[in-house]
2 protein chains.
Amino acid sequence: MTAQAAVALGVPVRLLAEGPEVSAAQVVPDTTVGDYRDLETLRSVAAGCAVVTFDHEHVPTEHLHALAAEGHPCRPGPEALVHAQDKAVMRARLDGLGVPSPRHRVVSDVAEVEDFAASVGGFPVVLKTTRGGYDGKGVWVVDGPEACGTAFSVASETGVAILAEEKVDFRFEISALVARSPSGQVAAYPVVESVQRDGICWEVTAPAPDLDPDLAVEAQRIAMRVAAELDVTGILAVEMFATGEPSTGSGRRGRVLVNELAMRPHNTGHWSMDGAVTGQFENHLRAVLDLPLGSPEARAPWTVMVNILGGEHGALSEDLYAGYPHVLARDPQLKVHLYGKDVKPGRKVGHVTAYGDDLDDVRERARHAAAWFRGDLGQESE
Amino acid sequence: MTAQAAVALGVPVRLLAEGPEVSAAQVVPDTTVGDYRDLETLRSVAAGCAVVTFDHEHVPTEHLHALAAEGHPCRPGPEALVHAQDKAVMRARLDGLGVPSPRHRVVSDVAEVEDFAASVGGFPVVLKTTRGGYDGKGVWVVDGPEACGTAFSVASETGVAILAEEKVDFRFEISALVARSPSGQVAAYPVVESVQRDGICWEVTAPAPDLDPDLAVEAQRIAMRVAAELDVTGILAVEMFATGEPSTGSGRRGRVLVNELAMRPHNTGHWSMDGAVTGQFENHLRAVLDLPLGSPEARAPWTVMVNILGGEHGALSEDLYAGYPHVLARDPQLKVHLYGKDVKPGRKVGHVTAYGDDLDDVRERARHAAAWFRGDLGQESE
């Protein structure tokens, strides 16, 4: 999707891909297939590029330092990106900034989890690997000490630490997305509501329909402050919990707590490709190139994006293309994005976006199309 | 730009390009560099493709017949495309359909031009090569018999015939764009006004601001009828003159006369990428794949597209990228498309699109940006 934005801007892209079959490699001519954990590979791909950027956070921090030291501008840079790579580093930094997070503690054994749980009102608590998790992997909600085994097995196998966090009783999850350029310009997208299932982003509504306007402003302020303090360049997505608790003394309904940071175009920003004046992929490119940012404003009152996950039912679960005749004929306003991936159950293989004046209508259209592509229409409870 | 739409739809594209440096070859991994006039090259590229389509009309008609006979669906097919390749064939067919055109005659010498001129009220008349012209090339406005030499020299050198047409005293030029699928579904875009300079498209306004609503409907009807009668698949652009003459008996102001046909995504449709629910490139792909078409409706009251032509003044005329900081900072709502072409005076190297509620504002923004990229801001009289 970055490639689409690069075509518009006339910006040449060179890609390092994990394999020839990955989505980006299918659409970027100048592709090197190689391992992003190998410094020599990174060096050879970076040679001659004006700027190095990322669509995931897993490039080793030390390699980014090496590239930066050798004169390759990495945007975001390693000092920023480490906060999206290591949740313990992120939590410590946000605490230092006074940005509200769920209560948390790095834990090294079950006894420490029990101790932490006691300090936050008891189980359940959330255990997370500090590095390497995504889409619900590396995250466990544990009901008691006997449920902590998996997390510590993974920790001892991989050598990463475990972070314990309070399980927040949130009303809904939101995401505040900003683009920030090296010069310090920031563009803040409308705050969206995201619905997760099994730790995977399922549906995003822009703007978040039930979010108190003051909380929306606070969420944007937090995202802008984090972007500036951490010197983020490119897109920063700040995923937050919006709670129903009254915040102390402010008179606002509820408060927001930072859950995760991502420093790249993010699933909660996909709505912007069709729903905002400037999509997140274009603003990511503009930001890392230190070009003036495009307007992040929405083009319609409501935009809903629903991910297409690989389904388990029927023919469409293997041949997404077969979903087109129905989906496109039913809704000529719908925007479909398929990623060219093999369909596997639960895998994100595309998304659909609908926009318009009536939220119920927009939601129904997007949900129907995604359910059809999944192949489980009628099995959807919504 | 077709590649961008193909990425969204997850449709793999194979490209036959004239050279490795052309715009499309820069962004399509599966590119063959070769000659579109060579049947063997066409065959090898078409092998394994579900459908063959075009971004220009110059593939020899007989090769398209050969490909079609060998089982490669060509969309548009050769029977349709010949009307966009050969102006004499097009004029004869439109006459047969009763579609209004400027008066015209195929001429083989100056005496026949004089005879034709006398029949339409005298010089000036327009001479055109029946094949191979574009962007003002192969078109001459002649003031008298002594000015016909160039056209007939070209005709004798290239072996193509010359078509004489009356010089229409039009109020403005319009374009009616439709997408049509093999099943016969048609999506008609709002009729736009296009401003030409030296035979090259300069500026497009959607919808055409001063076009009588009845004439707009007539223009769409003509485009839909031509698409159906000629069995066009994909995008058909019908460029027309809108005249100020009262049409006989109808009470409408003026009438429309067909000037040119194009069967491919067309410069007068570039506004739709950012200005319509479904851009022309996406609808071209949907149409040639016989998928349901997307809505062609405009997303804003006014959309203005201005081509960026290679300029002759200043540094920006060679380095378009240097135009970004000013253009993007001045107008965060602007959409810029650069084509990755070397800048030469008069060459189309990109376009800008602005949209909004106020036509004067939208126009000013698009014109300013294009003039800045051209490098002749301040020398623009508008």
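Would you mind classifying the range A:259-300 by shape? Square roots of the alpha carbon gyration tensor eigenvalues, ordered a ≥ b ≥ c; an a/c under 1.5 is rounded, otherwise it is prolate if a/b is larger than b/c and oblate if not.
The shape class here is oblate.
Below 13 angstrom from the Cβ of B:Ala80, what's the summed charge of the other residues (Lys, Arg +1; Asp, Glu -1)?
So the environment of B:Ala80 carries a net charge of -1.
Please state the shape class of chain A: rounded when a/c is under 1.5, otherwise prolate if a/b exceeds b/c and oblate if not, all from the C-alpha gyration tensor.
rounded
Of all the C-alpha pairs in the range A:136-229, what % are more than 20 Å from each other?
Above the 20 Å cut-off, the range A:136-229 has 55 percent of its Cα pairs.
Between the label point of B:Leu359 and that of the same position in each other copy, find the distances and list them shortest first in nm, with every label point placed 7 Å from Cα along the Cα-to-C-beta direction.
Copy-to-copy label distances at B:Leu359, shortest first: 3.7 nm.
Counting Lys and Arg as +1 and Asp and Glu as -1, each charge on the Cβ, what is the dipole of the range A:103-166 about the Cα centre in debye, to the nearest 20?
Result for the range A:103-166 is approximately 280 debye, rounded to the nearest 20.
Select from B:Ala151, B:Ala111, B:Ala287 the residue whose mean-square fluctuation is largest in a Gaussian network model of chain B (Cα-Cα springs shorter than 10 Å).
B:Ala111
Compute the convex hull volume of the Cα atoms of the range B:103-166, divide it by the residue count, and report the result per residue in Å³ as a whole number.
With only Cα atoms used, the range B:103-166 gives 68 Å³ per residue.
Can you give the alpha-carbon Rg of the range A:170-374 over 2.2 N^0.38 Å, where N counts its residues?
1.04
Could you tell me which residue out of A:Leu377, A:Tyr339, A:His351 lies farthest along the dipole of the range A:329-382 toward its positive end? Charges go on the beta carbon: Lys and Arg +1, Asp and Glu -1, centred on the Cα centre.
The residue sitting most towards the positive pole is A:Tyr339.
Every other copy gets compared here: list the nm distances from the B:Gly19 label point (7 Å along Cα to Cβ) to its counterparts, shortest first, one decimal.
Listed shortest first, these distances are 3.9 nm.
Restricting to DSSP H runs of at least four residues, report the calculated mean residue ellipticity at 222 nm for chain B, -39500 (n - 2.57) per run over all residues, nearest 500 deg cm²/dmol.
The per-residue figure over chain B is -9000 deg cm²/dmol.
Farthest toward the dipole's positive end in the protein assembly as shown, which of B:Gly323, A:Leu94, A:Leu289, given Cβ charges of +1 (Lys, Arg) and -1 (Asp, Glu) about the Cα centre?
It is A:Leu94.
For B:289-299, what's the mean count of beta carbons from other chains sitting within 10 Å of each residue's beta carbon?
Mean number of neighbouring Cβ atoms from other chains: 4.
Could you tell me which of rounded, prolate or oblate describes the protein assembly as shown, using a ≥ b ≥ c as the square roots of the eigenvalues of the alpha-carbon gyration tensor, with rounded for a/c under 1.5 and, failing that, prolate when a/b is larger than b/c and oblate otherwise?
Since a/c reaches 1.5 and a/b is larger than b/c, the shape of the protein assembly as shown is classed as prolate.
Between copies, how far does the label point of A:Thr158 sit from its twins, in nm, shortest first, when each point is 7 Å from Cα along Cα→Cβ?
Counterpart label points of A:Thr158 in the remaining copies fall at 6.4 nm.
Can you give me the pair-distance distribution of the range A:252-382, C-alpha pairs, 10 Å bins, whole percents?
12, 36, 34, 16, 2
Greater than 22 Å separation of Cα atoms is the criterion. Which listed pairs, B:Lys137/B:Lys348; A:Lys128/A:Lys344; B:Lys137/B:Lys167; B:Lys87/B:Lys137; B:Lys87/B:Lys344; B:Lys128/B:Lys344, meet it?
A:Lys128/A:Lys344; B:Lys87/B:Lys344; B:Lys128/B:Lys344
How are the Cα pair distances of the range B:335-381 distributed, in percent, across 10 Å bins from 0?
Pairs per bin, as whole percents: 25, 51, 22, 2.
Using the count of nearby Cβ atoms within 10 Å as a rough guide to exposure, how do A:Val28, B:Val22 rank from fewest to most?
B:Val22, A:Val28
Dividing the convex hull volume of the alpha carbon atoms of the range B:20-106 by its residue count, what do you get in Å³ per residue?
It comes to 134 Å³ per residue, whole-number rounded.
State the Cα centre-to-centre distance between the range B:358-377 and the range A:179-203 in whole Å.
That distance is 32 Å.
Among residues other than B:Ala188 whose Cβ falls under 13 Å from its Cβ, what is the net charge (Lys/Arg +1, Asp/Glu -1)?
So the surrounding residues net to +1.
Around B:Glu146, under 14 Å between beta carbons, what's the net of Lys plus Arg minus Asp minus Glu among the other residues?
Result for the neighbourhood of B:Glu146: -3.
Taken together, the values in this text are just the output of simple stated rules run on the coordinates, not laboratory data. Please read all numbers here as calculations on a predicted model, not as lab measurements. Note: ideal-geometry Cβ built from the backbone for every residue, glycine included; neighbour counts use all protein chains shown.
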